[in-house]
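Down below is the structure, laid out as structure tokens.
Just so you know, all these numbers are worked out from the coordinates, no wet-lab data involved. In this text, all values refer to a predicted model and were calculated from it rather than measured experimentally. Cβ atoms come from the backbone with ideal geometry, glycine included; neighbour counts cover every protein chain shown.
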Amino acid sequence: MSHPITPLPELVAMWAGFSARHHSTGSVDYALDLATKAAQWGANQELEACCEWLVSEGWFKYEHEAIEELRVARRPKPPSLKQQALDLIDGCTDPEGDYLDDNALSIIRRALESIPDPS
């Protein structure tokens, strides 16, 4: 018997294909990407099940503001590209901070490239 929160094989295959386009199959980055997608999917399934339970138990109507607030609180928007770049730079100004790896440099480059050139 499978666990109630188990992604369909087609979904896992889609994730694996996406990960393979961005990382070497079998690499730690590939496995981490695949595991992250699965964890996010499972967490989203659980959040929706909790929202549905709150409604079924009569705590809230589905359209209720609190349900949406719960979703927003538990699934905050990721930081903007600008904020990611600033955080990376802030980490490097700390005397004990990490150096900028290729991923960090890529984020900073994309942030800078997104700034329009002055007219």
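Some values worked out for this structure:
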read-out	value
Net length gained if the chain between Leu32 and Leu47 were fully extended (0.36 nm per residue, minus Cα distance)	3.2 nm
Tensor-based shape of the chain (alpha-carbon gyration tensor, a/c under 1.5 rounded, otherwise prolate or oblate)	oblate
Residue among Leu34, Leu100, Leu47 with the largest mean-square fluctuation in a Gaussian network model of the chain, springs linking Cα atoms under 10 Å	Leu100
Shape category assigned to segment 9-74 from the gyration tensor of Cα positions, a/c cut at 1.5	prolate
Extension gain, Leu100 back to Glu57 (0.36 nm per residue minus Cα-Cα distance, nm)	10.5 nm
Charge dipole magnitude, Cβ of K and R +1, D and E -1 - the chain, Cα centre, debye nearest 20	340 debye
